[in-house]
1. Do we find that V299 is touching a residue at least 12 places away in the same chain (Cβ under 8 Å) and part of a strand (DSSP E or B) in this structure?
2. Give the number of residues within the stretch 192-230 that are assigned to a loop (DSSP other than H, G, I, E, B), among the small types (G, A, S) and at pLDDT 95 or above.
3. Taking the stretch 231-254 on its own, how many of its residues are at pLDDT below 95 and more than 27 Å from Y317 (Cβ to Cβ)?
4. Yes or no: the stretch 86-102 includes at least one residue that is within 30 Å of E35 (Cβ to Cβ), buried (at least 16 other Cβ atoms within 10 Å of the Cβ), among the aliphatic types (A, V, I, L, M) and touching a residue at least 40 places away in the same chain (Cβ under 8 Å).
5. Open to solvent by less than 10 Å² (accessible area, probe 1.4 Å), β-branched (V, I, T), more than 30 Å from F333 (Cα to Cα) and assigned to a loop (DSSP other than H, G, I, E, B), is that true of V433?
6. For the stretch 240-272, how many residues meet the condition of being open to solvent by 50 Å² or more (accessible area, probe 1.4 Å) and either under 18 Å from P99 (Cβ atoms) or assigned to a loop (DSSP other than H, G, I, E, B) (or both)?
Amino acid sequence: MLEWVESSGSASTQNQYSKISELVNFERYFMSMQEFDVVIVGAGLSGISAAYHLQKNCPNKTFSILERRKQIGGTWDLFRYPGIRSDSDMFTLGYAFKPWPTDKSIAPGDSIRDYVQETAKENDIEKHIQFQQKLVRSSWSSVEARWTLDIEKSDGSTKRIFANFVMSCAGYYNYDKGYTPDFKGSEHFKGQVVHPQFWPENFDYAGKKVVVIGSGATAVTLVPAMTDKAAHVTMLQRSPSYMAAIPTEDKGANRLRAILPKRLAYSITRTKKVVFGAAFFRMSKSRPKWIKNLLLKGVSMQLDDNSLVEKHFTPKYNPWDERLCAVTDGDMFKGINRGDISIVTDHIESFTETGIQLKSGETLQADIIITATGLILRDPNDTPIIVDGKPVDYPNSFTYKGMLLSDVPNMSNTTGYTNASWTLKADLIHAYVCRLLNHMDSANQDYCVARVRDASMESELALDFTSGYVQRSVHLLPKQGDRKPWKLYQNYFLDFLSLKLGSLQDESIEFNRAGEHLAEAEALAN
């Protein structure tokens, strides 16, 4: 029809065509807009958990999941380096509502990815996911009580989605870049330099001399995994990390699975792991010397040459000032005992054509250098949040109960524990958000917002962790307060009482109807 009208030469028909064209374009624009009660950002471990809780506890809510990648899995789909695995046991990293299905307590990355995908499929969550949709900006209107989400699609086009509530489950790592220091002379190295976050597909390291720079969880995983093909692997570290040999399988848990119903066995083991983990962390903080000696004794029992313990396995910091590195089945120590792995503790002077020159004068020969030098936390300013026309000032904001940002309505952020499994906190947050949504419905309220009422409250860093990836970015992040509900305790049991059983109402959170505070919103915008 439009083609026929366009071919007509009269002014009147051209005017009619113009009006019809405007209507069609408006209809196309209107049809391209989507509105949901809840939008979840991210289809990884956290995002699928959030969707499960929404479906179970808020069945009348419409929702959609935005995933910037091509498939489900998040971190466990992104990282593909050799040996990639969990550094937490799967009885706590797994979902509370879905028992971990395999015998391995410390699981490889592909098994975790399959587990997340299986959870989505079993609960019919896949149909809610919009893939290759990158959130670039979120704007809140208190007048309308809704978020306007600007989305960039894979083809470069953009669209908008509207939602009353947003659950951010994108994690806190930057997926686009990893951390690599500016190594002097790196341009002269004639071999290959690879960052684990961007591991090349079908990368061949057979028969090569490999140097892995780093001593964190990635290096501890990668180094022993590469001994299957590499001629030799050297782990080069500036300073040691705490390590502990952890069995891949939990024999006690597997025995329970054999004699008890699957869910009951999983629940018992999960509870046991949570209690032990919390107790160990508490002991690490109250009796650090005792725990330090215990860990070092464990390492010495694994190594044939105990002289290595003092130089290469004794950190300068106390246990749990940084995450403890799990050495599955002692594979790192076995590789050292066999002579397949060397540990060097030194600083880099410069790269050379054939390897690395150390400040001590020693030279490490290498065909391949792996920079397992760390991750980068997401800069929240990369995805701006605008509230009633005013950009959120992240460093001067506070986190309410570890999930809501002060003065930002109807938006939760899922961040797990630094001293325990990520999913433990994620499940609590998602259950709490569902309680919050149901409470607002029953009270006939449209949105909630956390406010700092006490001007005397002192600010503290949100992450009290000495790891490099935290220290490099902590100045960009919101703060925590020095008291509840603004204080993060990194304690599952305290969070369970607060988020699962505690009241939804306190002096720091308010509930409003759309447009109720129009004057306040206009004042903020100006």
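1. Working: touching a residue at least 12 places away in the same chain (Cβ under 8 Å): yes; part of a strand (DSSP E or B): no.
The answer is no for V299.
2. Filtering the stretch 192-230 down to residues assigned to a loop (DSSP other than H, G, I, E, B) leaves 195, 199-208, 214-216, 227-230.
Pick out the ones that are also among the small types (G, A, S) and you get 206-207, 214-216, 230.
Subset that is at pLDDT 95 or above: 206-207, 230.
The number of residues fulfilling the criteria is 3.
3. 7
4. No: the stretch 86-102 contains no residue that is within 30 Å of E35 (Cβ to Cβ), buried (at least 16 other Cβ atoms within 10 Å of the Cβ), among the aliphatic types (A, V, I, L, M) and touching a residue at least 40 places away in the same chain (Cβ under 8 Å).
5. Taking the combined requirement at face value, the residue does not satisfy it.
6. 16
Table: residues versus (1) of a type in the set (A, V, I, L, M); (2) out of contact with any Phe, Trp or Tyr (no Cβ under 8 Å at 6 or more places or on another chain); (3) buried (at least 20 other Cβ atoms within 10 Å of the Cβ); (4) assigned to a loop (DSSP other than H, G, I, E, B).
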{"site": "D321", "(1), (2), (3), (4)": "no, no, no, yes"}
{"site": "M332", "(1), (2), (3), (4)": "yes, yes, yes, no"}
{"site": "E349", "(1), (2), (3), (4)": "no, yes, no, no"}
{"site": "E353", "(1), (2), (3), (4)": "no, no, no, yes"}
{"site": "Q357", "(1), (2), (3), (4)": "no, no, no, no"}
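Table: residues versus (1) among the hydrophobic types (A, V, I, L, M, F, W, C); (2) at pLDDT 95 or above; (3) closer than 23 Å to V136 by Cβ; (4) open to solvent by less than 50 Å² (accessible area, probe 1.4 Å).
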| residue | (1), (2), (3), (4) |
| --- | --- |
| E27 | no, no, no, no |
| S32 | no, no, yes, no |
| V38 | yes, yes, yes, yes |
| Q55 | no, yes, no, no |
| R69 | no, no, yes, no |
| F79 | yes, no, no, yes |
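The values are calculated or read from the model by the stated rules, or taken from the named source; none is laboratory data. Being a predicted model, the structure only gives us computed values, none of them experimental. Every residue, glycine as well, gets a Cβ built from its backbone with ideal geometry; the counts of neighbours run over all protein chains shown. All accessible areas refer to the heavy atoms of the entire protein, side chains included, with ligands and DNA or RNA removed. Shrake-Rupley method; radii C 1.70, N 1.55, O 1.52, S 1.80 Å.
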